[in-house]
Amino acid sequence: MTVITLGPEGTFSHELALRLKSDTIVLEPTIHSIFASVAAENGDGIVPIENSEAGGVGETLDGLLRYSLFITGEMYMPIHHNLASLVPRDKIRVIYAHPQTHEQCSGFLEIMEVPVIHTSSNAASAIEAKKTPNAGAILSVSAAAIYHMPVIVEHVENNPENTTRFVRIAKHPGPGCRSGKCSILIDPDTDRAGLLYDLLGVFAKRKINLTRIESRPSKRGMGKYVFFLDYAISGPADEALRELEAITAVRNLGCYPRIGVPP
């Protein structure tokens, strides 16, 4: 199987694809380009969708909104960040970090009291830091090794339990499963009092466990939102979806299992 994920080499997405022993790994420069490549049926994609510290990944949610693709699996990966540099800590005058990485390491970066420049990936942080005098980068251990940057401070993440949830995306839905999650996209065509209460109520009265809900701008103007919902696979779920579809527009993003990640 060809897996398309975020590059260059040394990103957490690339590390995950390696751990899953993918047959062929294609690295794309942005999450948007991963979605476009999967939509063109060049392979399946692996993208981060949420982090325990920084929350949802906007680019991935926007990709699910824009492209008619499906989620076919989810994976959880512990995330540990490190400060790497070619100079000692007291000589660092700027630090490169991905925006999500910045959020996950905000406490440490505030203590450093140097400017933080955002990059497109952790690997890109390493590349930029190597080109800039007196620079550091927030990296994984594997990225630091790939780009030959010494780690000078380990585990700079805010929370030692820091975890990112990734999803596998595909042009076609998966075969289905009896346990796991389902994801849907709700796009309300009206704005009225009690709408969200009604939407969630179809699950609550059937005791279906909602594991995640997140709003995202619909791109159609201020105050217009879509909602991403994940729920545990349950017997009454089909009935709940039929009731939900009578209230508003719903797009099924797929039902899928959790995939174990080898250490």
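The values are calculated or read from the model by the stated rules, or taken from the named source; none is laboratory data. On a predicted model such as this, the values are computed, not experimentally measured, just so you know. Cβ: placed from backbone, ideal geometry, glycine included. Neighbour counts: every protein chain shown.
Residues of segment 66-107 that are assigned to a loop (DSSP other than H, G, I, E, B), within 25 Å of Pro263 (Cα to Cα) and at pLDDT 95 or above: Ile79, His80, His81, Cys105. Name every residue in segment 1-25 that is touching a Phe, Trp or Tyr at 6+ places or on another chain (Cβ under 9 Å) and in a helix (DSSP H, G or I), in order of residue number. Listed by number, the residues that qualify are Phe12, Ser13, Leu16.
Rundown of residues vs (1) of a type outside the set (A, V, I, L, M); (2) under 22 Å from Asp90 (Cα atoms); (3) assigned to a helix (DSSP H, G or I); (4) more than 20 Å from the chain's Cα centre (by Cα), yes/no style:
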| residue | (1), (2), (3), (4) |
| --- | --- |
| Leu109 | no, yes, yes, yes |
| Glu128 | yes, yes, yes, yes |
| Ala137 | no, yes, no, yes |
| Ser142 | yes, no, yes, no |
| His155 | yes, yes, no, yes |
| Asn158 | yes, yes, no, no |
| Cys177 | yes, no, no, yes |
| Ile186 | no, no, no, no |
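Of the residues examined, Gly107 is not one that is of a type in the set (Gly, Ala, Ser), touching a strand residue (DSSP E or B) at 6+ places or on another chain (Cβ under 8 Å) and either in contact (Cβ under 8 Å) with a residue 24 or more places away in the chain or not assigned by TED's automatic domain parsing to the domain that holds Leu61 (or both).
Go through segment 193-205 and count every residue that is surrounded by fewer than 11 Cβ atoms within 10 Å (Cβ to Cβ) and either outside any loop (DSSP other than H, G, I, E, B) or assigned by TED's automatic domain parsing to the domain that holds Ile111 (or both).
The initial filter retains those residues of segment 193-205 that are surrounded by fewer than 11 Cβ atoms within 10 Å (Cβ to Cβ), namely 193-194, 197.
Filter once more, so that each one left must be either outside any loop (DSSP other than H, G, I, E, B) or assigned by TED's automatic domain parsing to the domain that holds Ile111 (or both): 197.
Matching residues across segment 193-205 total 1.
Per-residue answers, yes or no, for (1) basic (Lys, Arg); (2) out of contact with any Ser or Thr (no Cβ under 8 Å at 6 or more places or on another chain):
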| position | (1), (2) |
| --- | --- |
| Pro8 | no, no |
| Leu16 | no, no |
| Lys21 | yes, yes |
| His32 | no, yes |
| Asp44 | no, no |
| Val47 | no, no |
| Asp62 | no, yes |
| Met75 | no, yes |
| Ile79 | no, no |
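Of the residues Thr211, Thr190, only one is under 17 Å from the mean Cα position of the chain (by Cα), exposed (fewer than 14 other Cβ atoms within 10 Å of the Cβ) and not assigned by TED's automatic domain parsing to the domain that holds Ile111; which? I'd like the intermediate steps shown before the answer.
On the way: Thr190 fails: under 17 Å from the mean Cα position of the chain (by Cα).
Answer to the selection: Thr211.
Matching residues to (1) in contact with a strand residue (DSSP E or B) (Cβ under 9 Å, 6 or more places away or on another chain); (2) under 16 Å from Gly254 (Cβ atoms):
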{"position": "Leu185", "(1), (2)": "yes, yes"}
{"position": "Ala193", "(1), (2)": "no, no"}
{"position": "Asp198", "(1), (2)": "no, no"}
{"position": "Gly201", "(1), (2)": "no, no"}
{"position": "Arg206", "(1), (2)": "no, no"}
{"position": "Ser215", "(1), (2)": "yes, no"}
{"position": "Ile233", "(1), (2)": "yes, yes"}
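Only one of the listed residues (Ser179, Ser125, Ser183) is touching a helix residue (DSSP H, G or I) at 6+ places or on another chain (Cβ under 9 Å), of a type in the set (S, T, N, Q) and touching a residue at least 40 places away in the same chain (Cβ under 8 Å). That residue is Ser183.
For residues in segment 129-144 being modelled with pLDDT of 95 or more and surrounded by fewer than 17 Cβ atoms within 10 Å (Cβ to Cβ), which is nearest to Pro78 (Cα to Cα)? So, considering only residues that are modelled with pLDDT of 95 or more and surrounded by fewer than 17 Cβ atoms within 10 Å (Cβ to Cβ), the one nearest to Pro78 (Cα to Cα) is Lys130.
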